[in-house]
Amino acid sequence: MKILAFDIGGTNIKYALVSGKFKLSDKHEIPTEAELGGQHIINKIKSIISEYKDIDRIAISTAGQVDSENGIVVYSTDNIPYYTGMMVKRIIENEFSIPTYVENDVNAAAMGEAVFGAAKNDSDFLSLTFGTGVGGAIYINNNLYKGSVSSAGEFGHMITHAGGKQCTCGGEGCYECYASTKALIDSVKRSTGLEMNGREIFAENNFNKPEIRSEIDKWIDEIIAGLINIIYIFNPPKIVLGGGIMNESYIIDLIDRKIYNKLMDNYKNVNIVQSKLGNDAGMLGVAYLSSKI
Ligand SMILES: [Zn+2]
């Protein structure tokens with residue numbers, strides 16, 4: 001089986017060929033240009049698909065809440081305008097006659113970790129992805145849990161600060177306003193005046209500056225607060241943390257050092273780990289799901 005897999009994020013679209021043995025090859029990354037809207041993204045996807053021959057499945061992992069049974073984006077924030085309601089599966093299948101599977105990017109990444117990565121052999125776990133926002137996925141009894149309208153697991157929009165910062169969802173004080181990579185970047189900028197990306201903040205010469213380290217540590221406390229909330233709701237055996245910033249082992253180490261002292265005793269079995277598949281998780285997960293249709 002030959003699968004063409006996409007991972008549509010707010011910043012970049014990644015795509016690659018996936019073999020029947022789930023090996024990635026021919027990897028590419030192009031800018032999403034999300035501000036140009038959902039139709040623009042679909043046009044990009046279509047023009048990429050038309051460059052390939054003998055594809056058995058199209059697998060699309062995307063930002064936004066997705067009804068994967070029908071392949072529809074049921075909700076997208078203004079990060080990608082005019083994406084809500086997009087019938088991605090129908091559009092692609094009508095044009096190319098190739099069976100197509102669409103899944104939310106965090107769910108797809110969780111599925112990737114469940115089948116090939118950090119949660120291999122785990123029947124239950126939660127996953128959180130840190131980036132522009134904080135995404136979440138719930139995996140119960142060897143399956144993604146989707147909720148009544150395919151929108152479960154929006155951990156990023158738990159309200160951790162009532163009356164707090166304005167969020168892209170329309171709410172105030174959401175977890176992701178304080179715990180996302182973007183939140184760290186913004187707070188470092190506020191305190192130092194320097195505009196740095198996540199990797200630069202953790203570069204040795206910055207990381208060792210007390211004023212930057214203190215912002216990092218405050219940010220990790222925000223991450224921990226949200227993790228404790230969801231640990232008390234789900235009592236999960238494992239939580240997988242993903243997103244590029246989680247490659248910095250300092251973060252997981254500090255979470256590990258602090259969180260167990262804050263949890264009630266009977267929740268301390270939870271195992272908090274880094275994602276294993278990194279940027280490939282979403283493409284691998286959705287490719288796996290597409291191979292089942
Ligand atoms: Zn929100």
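Couple of notes before you dig in:
- Counting only Cα atoms, the size of the stretch 121-275 along its three principal axes is 46, 34, 26 Å, in decreasing order.
- Surface analysis of the chain yields an accessible area of 46 Å² per residue, using protein heavy atoms and a 1.4 Å probe.
- Kyte-Doolittle mean at least 0.0, axial Cα span of 30 Å or more - DSSP H helices of the chain: 210-234
- By accessible area, using a 1.4 Å probe on protein heavy atoms only, the chain has 47% of its surface on carbon and sulfur.
- Cα-based radius of gyration of the chain once divided by 2.2 N^0.38 Å, which approximates compact folds: 0.99
- Ranking 62, 11 by solvent-accessible area of protein heavy atoms (1.4 Å probe, all protein chains present), from largest to smallest, gives 11, 62.
- Qualifying trypsin sites (Lys or Arg not before Pro) in the stretch 30-96, DSSP loop, other Cβ atoms within 10 Å at most 15: 53
- Ordering of 162-175, 135-148 by burial proxy (mean other Cβ atoms within 10 Å per residue, highest first): 135-148, 162-175
- About its Cα centre, the chain has a charge dipole of approximately 460 debye under the convention of +1 per Lys or Arg Cβ and -1 per Asp or Glu Cβ, with nothing else charged.
- Label-point gap, in nm, between residue 233 and residue 262 - each point 7 angstrom along Cα→Cβ: 1.6 nm
- Whichever lysines have a C-alpha closer than 21 Å to that of residue 27, once near sequence neighbours (fewer than 8 apart) are set aside: 2, 14, 44, 46, 53, 276
- Reducing the stretch 162-234 and the stretch 36-81 to their Cα centroids gives an inter-centroid distance of 30 Å.
The values are calculated or read from the model by the stated rules, or taken from the named source; none is laboratory data. Since this is a predicted model, take the numbers as computed values, not measurements. Methodologically, a virtual Cβ is constructed for each residue, glycine included, from the backbone with ideal geometry; neighbour enumeration extends over all protein chains shown. These accessible areas exclude ligands, DNA and RNA; they are computed on the full protein's heavy atoms, side chains included. Shrake-Rupley method; radii C 1.70, N 1.55, O 1.52, S 1.80 Å.
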